[in-house]
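Here is the structure we will look at.
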Amino acid sequence: MPELDGVLETALYVTDMPRARRFFETVMGLSPFTADHRFTAYDAGAGTVLLLFLDGETAETVVLPGEMGTIPPHDGAGRVHMAFAIAAPALADWEARLGEHDIEIEGRTHWPRGGESVYFRDPDGHLLELATPGVWPTY
């Protein structure tokens, strides 16, 4: 069986791209490395990419320039969940940052392996998590 090296991309579908960009750049401190009217790609750390797609803009095949190929249609619906990995000592700073931006922390979990999580929403209602090591056996 060939092995997987990890999850490379996580995608969220948003209804208002400028609003989503403001949130992820201002609150989360991410910097886009490519963007257009229908998507934004962010370096999410540790070799991972967070993709924001504008709802309804990925329902058709995208033909890339030259002989690069195509990207098949995809879409997502409803509020989804994703977690950002953070160092344990950074948790208090993140909680303070969320408070500075009037972002409500909806939940907290103290995991049996010692990890901690805080949960909050982005402007589209997606459940975001900040998680310290000890949440999973692999993290």
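Answer yes or no: is there a residue in the range 89-106 that is of a type in the set (A, V, I, L, M), touching a Gly at 6+ places or on another chain (Cβ under 8 Å), modelled with pLDDT of 95 or more and open to solvent by 60 Å² or more (accessible area, probe 1.4 Å). No, the range 89-106 contains no residue that is of a type in the set (A, V, I, L, M), touching a Gly at 6+ places or on another chain (Cβ under 8 Å), modelled with pLDDT of 95 or more and open to solvent by 60 Å² or more (accessible area, probe 1.4 Å). Each residue in the range 64-74 was checked for being in contact with a strand residue (DSSP E or B) (Cβ under 7 Å, 6 or more places away or on another chain) and in a loop (DSSP other than H, G, I, E, B), and 1 pass. Note on the range 22-43: residues that are polar (S, T, N, Q) and at pLDDT below 95 total 0.
Collect the residues in the range 27-63 that are closer than 30 Å to Ala96 by Cα and in a loop (DSSP other than H, G, I, E, B), keeping them in residue-number order. Of everything in the range 27-63, those that are closer than 30 Å to Ala96 by Cα and in a loop (DSSP other than H, G, I, E, B) turn out to be Met28, Gly29, Leu30, Ser31, Ala44, Gly45, Ala46, Gly47, Thr48.
Just for the range 107-126: of the residues that are open to solvent by less than 40 Å² (accessible area, probe 1.4 Å), in a strand (DSSP E or B) and not β-branched (Val, Ile, Thr), which one is nearest to Arg19 (Cα to Cα)? If we take residues in the range 107-126 being open to solvent by less than 40 Å² (accessible area, probe 1.4 Å), in a strand (DSSP E or B) and not β-branched (Val, Ile, Thr), then Phe120 is nearest to Arg19 (Cα to Cα). Looking at this structure, is Phe84 touching a residue at least 40 places away in the same chain (Cβ under 8 Å), of a type in the set (Phe, Trp, Tyr) and over 19 Å from Val7 (Cβ atoms)? Taking the combined requirement at face value, the residue does not satisfy it.
Note on the range 75-88: among residues that are of a type in the set (A, V, I, L, M) and in contact with a Phe, Trp or Tyr (Cβ under 7 Å, 6 or more places away or on another chain), the one that is most open to solvent (accessible area, probe 1.4 Å) is Ala85. Of the residues in the range 51-74, none is of a type in the set (Gly, Ala, Ser) and surrounded by 12 or more Cβ atoms within 10 Å (Cβ to Cβ).
None of Thr26, Thr48 is touching a residue at least 12 places away in the same chain (Cβ under 8 Å), out of contact with any Phe, Trp or Tyr (no Cβ under 8 Å at 6 or more places or on another chain), open to solvent by less than 80 Å² (accessible area, probe 1.4 Å) and within 22 Å of Tyr139 (Cα to Cα) except Thr48.
The values are calculated or read from the model by the stated rules, or taken from the named source; none is laboratory data. Quick caveat, the model's predicted, so the values are computed rather than measured. A quick note on method: Cβ atoms are made from the backbone with ideal geometry, for glycine too, and the neighbour counts reach across all protein chains shown. Note: accessible area is taken over every heavy atom of the protein model, side chains too, but ligands, DNA and RNA are not part of it. Shrake-Rupley method; radii C 1.70, N 1.55, O 1.52, S 1.80 Å.
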